[in-house]
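The structure appears below as C-alpha cells.
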Amino acid sequence: MQNPQIVNQGMAGSSDNSATNIIMNHDFSGGLHSWHPNCCDCFVVSTELGHPGFLKKPGGNYAVVSNRKECWQGLEQDITNMVSPGSTYYVSACVGVSGPIQGLTDVLATLRLEYRDSPIGYLFIGKISVSKERWEKLEGTFSLSTMPDRIVFFLEGPSPGVDLLIQSVVITCSSPSDLGDTSNRCHNTGVRDENIILNPKFEDGLNNWSGRGCKIVLHDSMADGKIVPQYGKVFASATERTQSWNGIQQDITGRVQRKLAYEAVAVVRIFGNNVTSAVVQATLWVQTPDLREQYIGIANLQATDKDWVQLQGKFLLNVNPKRVVIYIEGPPAGTDILVNSFVVKHAEKIPPSPPPAIEVSAWVKIGYGATGPQNVNVALGVDNQWVNGGEVEISNERWHEIGGSFRIEKQPSKVMVYVQGPAPGVDFKVAGLQIFPVDREARFKHLRRQTDKIRKRDVTLKFSGVDSSGTFVKVRQTQNTFPFGSCMSRSNIDNEDFVRFFVKNFNWAVFGNELKWYWTEAQQGHFNYRDADEMLDMCIKNNIETRGHCIFWEVEDTVQSWVKALNKNDLKKAVQNRLTGLLTRYKGKFRHYDMNNEMLHGSFYQDQLGKDIRANMFKIANQIDPSATLFVNDYHVEDGNDTRSSPEKYIAQILDLQEQGAPVGGIGIQGHIDSPVGPIVCSALDKLGILGLPIWFTELDVSSINEYVRGDDLEVMLREAYAHPAVEGIMLWGSCELFMSRDNAHLVNAEGELNEAGKRYLALKEEWLTGARGHINEQGEFTFRGFHGI
C-alpha cells in the first residue's frame, strides 16, 4: 500500500456559528439554511419587514412557520452528529405565535429519535405557554443513554392555523466532565474549550484508539525506566510498524464540523531501530459524502528518541464529512511512535504575542567639570511616552555600565534615544550603546541547566534483605521544600476559597499591613494585634511559615502622625516599646523580620535619632528574639532603574550596618519590577551574593493588563531567582485580584479563575518536582537526581 499524497492545510477562516451552540444557523441570519419545515411552510422575516399582526419585532431575523394543518407541524434540524450519549444538553429557544388565537397556546421542544430496526421515538424537552405579540423563552434539558441512527430537534405545538415564530434556538452541552470526569465528555464541535479526542491521555487504557496498519501498546515506562510520561501516568506506542504511514489513530466522525478551525496538539517522541531522529506528523483522513478521500497534513516536526516534543498545527474542513480519522505517522518502518497525549480543540483566537522585553546596555564616563556625584541615564521618547532605559550614579573617573530594560506594547511612529543627566557644564562619554530584544528562550535553557546544578542532588536508595535486583522503583515527589510564599490580608482568610488556594500553593506567608506599626498602634497606646493573631493562627494550623513585615518603615510618609510629633527622647522610648511589645508577643513565631523597611529610600528614624539607631534596632531585636533572622529590605535593587538603590549602594549599607555590629541575617529584594531582563537581575544577585547572606525576593510582583505578558515576566523572575545559588526564598506580593496593592499583577481573577500568570506559576512549581522510575541494580541500589523536598 502506497502512502497517499498529503494535502497541506494551513490556517483558515473561522465559523460564524456560536461557540457553544450545536444548532446551525441558530438565529436565521443565514435564512433557512440547515432548517426544514415539517409538512408545512416556512420563511424568514427581516426586522425591517416584520410580520402582520406581530407588533413587537425582535432585534434581527426570525422564522415564521405557516400553513400548519396539525399541532405537530413545525420547524426541525438534524443534530445527529452534534450530540453524544451520557451528556446533558440545555435548550433555550425564543418563540412567539401569530394568527387566530385567543389567550395562551403551548409551544413545545421535542426530539425525534429514528432507528433502523425499531419504531420512531419522541423525547419531550420542554414547553412554554405563549400569547400573541410576546416573545417567550422556552427552556428544557435532555440526555440520551444510547445513540439512535438519527436525531432531529423540532419545535411544534400551537393549534392548526396558528403561525409559529422562532427568533433563535440555542442548545449547549454540559456533562460529568464539568466535575472532572473526562471519560464521558460532551464532544459536540460547537464547544470551544472541549477536547474532541476521546481518552486523550490514555487514562482509560487504549479505549477509542486503534493502530493504523500496526499494533498499539500502553506503557508506564520504557527502556528500563529511562522513558516515562511527560504528563500523567501512561503513554501509548505504535509498534511493529512496516510502513511510514503506520501509526496510532482515532475516528472523530461527528465531532468535527465544517468551516471551523481546529488546533491539534500532541506530545510525541520516537523509539527503536537505531533511529535517533525522524519526522513525525499528524494527518487527517477525510471521506466525503460522495466517498472521495482526502488527506490533510496538520503538522510535522523532527522528533528524537531523547525528549518528548510538542507536535502542533491547525486544520479546517470545507465539506461535511462522512467519516474523519486523525492519526500520527511518519518515522521509518521499525521505529515506534510514542504518544503521551493528544488534544484537538476549536482553535481559539490567539492573543497577540507579547512584545519582547528590550535590553539596554551602555558604558559611560564623566569628564571635566563635575563637583560631585552625577546621574547618567538612557531614556527613550516613544511617541508621547517617556521610557527609562536605566541609570547609574558616577562619582569617579572610571567607566560605568548602565543596564536597564523596557517594553513597548504598540508599534510606535517615532522613537528617540537620549543619554543624559549630568549637570550643565559636565562632560561625559558614551561607548557601546546597545538596545536589543531579549532572547528569553535561550536564557531559559541556561537557567534550566543552572537549576539542575543548584537545586538538585544525586540520591541513592539502598535496598537490603531479599534479593531485589531488577525490581521496578517509582519515585514521586509530593512537595518541594523551597520557600514559595505570598502576601495575604486579614480579609482574605474569611474566604474559604482563598484559604484553600493559599494552603495548596504556598508554604510561606507574609502579612501585607497587619504587622506594621501604623496598623498595630495607629493611635498611641491603642493596640490592634487581633488581625495579626488570627492570620498567624491560620498559618500555624496549616504548617505555613511566616515572615514579619515590618518592624519599622524608614520612609517618612508611612510613619504615623503621633510618632512624627514625638520629641527625640519620647521617640526613642516609643521605638524601644515597639521592639519589646512586638517581639515579645510573637517570640519564636515569625522566622524572619524586615527590620527597618526601605532604608535606601527613607531616613526618618536616622534623621531623628542619629546614625546609630539603625544598627541598634537590629541589636535590640536580636536580643529579644534571637531565633528570628533579621533582613534589610528595599526595592529597585535588581532592575537598574534607580540610582538610590543600586546593588553597590545596598552592599555598602549592609557592610556599614555589620561594621556597627548589626546582626544582619538576610537581604530582601522586594521585586516590584517591569519588563525584567534575566541577565540584569542575575548581575544584581551575583553582586549581592558576594556578601554570603541569604537573599530573598520578599514582595515579587509583575504588572501588565495583558495576562500573557504578565505570565512571561513572572516566569523570568521565578526562573532567575530559583536558578541562583544565593536565593533562598521567593515571596509574591499577593495572588488574588482586588486584594493586591499593585493593579494587574494578580494570578487569580476576582471570581477564582486562574489566569495565565497563575498557570505559569503552577506549571513551574510542577516542573520543579521530581519524578523518577527505573530498576534496582545488582548492588541493591537505585540512583536518581531530584529536587530537595519530600
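The numbers here are math on the coordinates, done by the rules we state, and not lab data. If you're wondering where the values come from, they're calculated on a predicted model, not measured in any experiment. Here Cβ is always computed from backbone atoms with ideal geometry, including for glycine, and neighbour counts include all displayed protein chains.
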Computed over region 358-437, Cα set: Rg, Dmax in Å: 13.3, 41
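Calculate the FRET efficiency for residue 464 and residue 69 from the Cβ-Cβ distance with a Förster distance of 60 Å, rounded to the nearest 0.05. Kindly include the intermediate steps, with their values, before the conclusion.
Working: r = 88 Å, r/R0 = 1.47.
Calculated value: 0.10.
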State the volume of the convex hull built on the alpha-carbon positions of region 484-767, expressed per residue in Å³ and rounded to an integer. 123 Å³
Mind checking the full-extension length gain between residue 215 and residue 145? Use 0.36 nm per residue of separation minus the Cα-Cα distance, one decimal, nm. 22.1 nm
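Give a quick list of chymotrypsin sites (Phe, Trp or Tyr not before Pro) in region 220-264 that DSSP marks as loop, anything other than H, G, I, E or B, with at most 15 other Cβ atoms within 10 Å.
Of the chymotrypsin sites (Phe, Trp or Tyr not before Pro), the ones in loops of region 220-264 whose Cβ has at most 15 other Cβ atoms within 10 Å are 231.
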Of all trypsin sites (Lys or Arg not before Pro) in region 364-464, the ones in DSSP coil with at most 11 other Cβ atoms within 10 Å are 398, 410, 414
Of 596, 567, 580, which is farthest on the positive side of the dipole of region 559-614, counting Cα position, with +1 on Lys and Arg Cβ, -1 on Asp and Glu Cβ, and the Cα centre as origin? 580
In deg cm²/dmol and to the nearest 500, what is the mean residue ellipticity at 222 nm of the chain if only DSSP H runs of at least 4 residues count, each as -39500 (n - 2.57), divided by the residue total? -5500 deg cm²/dmol
Using the Karplus curve 6.51 cos²θ - 1.76 cosθ + 1.60 with θ = phi - 60°, what ³J(HN,Hα) values do you get for each residue of region 628-643, in whole Hz, with x for Gly and Pro? 8, 7, 9, 10, 7, 8, 7, 10, 6, 6, 9, 10, x, 9, 8, 5
Region 36-177 - convex hull of the alpha-carbon atoms, volume per residue in Å³: 108 Å³
Please give, to one decimal in nm, the separation of the simple spin-label points placed at residue 477 and residue 456, each 7 Å out from Cα toward the Cβ. 0.9 nm
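Using a simple charge model, +1 on the beta-carbon of Lys and Arg, -1 on the beta-carbon of Asp and Glu, nothing else, what dipole does the chain show about its Cα centre, in debye to the nearest 20?
Details: 78 positive and 92 negative charges, 189 e Å.
Around 900 debye, computed over the chain.
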How much length, in nm to one decimal, is gained on full extension between residue 411 and residue 129, taken as 0.36 nm per residue of separation minus their Cα-Cα distance? 95.9 nm
Could you order the peptides 329-340, 630-641 from most to least packed, using the average number of other C-beta atoms within 10 Å per residue? 630-641, 329-340
Å³ per residue of the Cα convex hull, for region 193-346? 97 Å³
If the reach is capped at under 28 angstrom between alpha carbons, list the lysines near residue 619, excluding any in the same chain fewer than eight residues apart. 516, 564, 568, 572, 573, 587, 589, 611, 649, 687
For the pair residue 120 and residue 159, the simple spin-label estimate (label points 7 Å beyond Cα toward Cβ) gives in nm 2.6 nm
Nitroxide proxy distance, nm - points 7 Å out along Cα→Cβ at residue 612 and residue 778: 7.3 nm
How much FRET efficiency would the formula 1/(1 + (r/R0)^6) give for residue 287 and residue 750, where r is the Cβ-Cβ distance and R0 is 35 Å, rounded to 0.05? 0.15
Share of Cα-Cα pairs in region 287-433 lying beyond 26 Å, as whole percent: 59 percent
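If we count other beta carbons within 10 Å of each Cβ, what is the order of 371, 288, fewest first?
Working: 371 8, 288 15.
Lowest to highest Cβ neighbour count: 371, 288.
Would you mind ranking 740, 147 so that the residue whose beta carbon has the fewest other beta carbons within 10 Å leads the list?
Working: 740 21, 147 15.
Ascending Cβ contact count within 10 Å gives the list 147, 740.
Please give the peptides 212-225, 675-688 ranked by average Cβ packing (other Cβ atoms within 10 Å per residue), highest first, as a rough proxy for protection.
Working: 212-225: 16.3, 675-688: 21.4.
The most tightly packed comes first, giving 675-688, 212-225.
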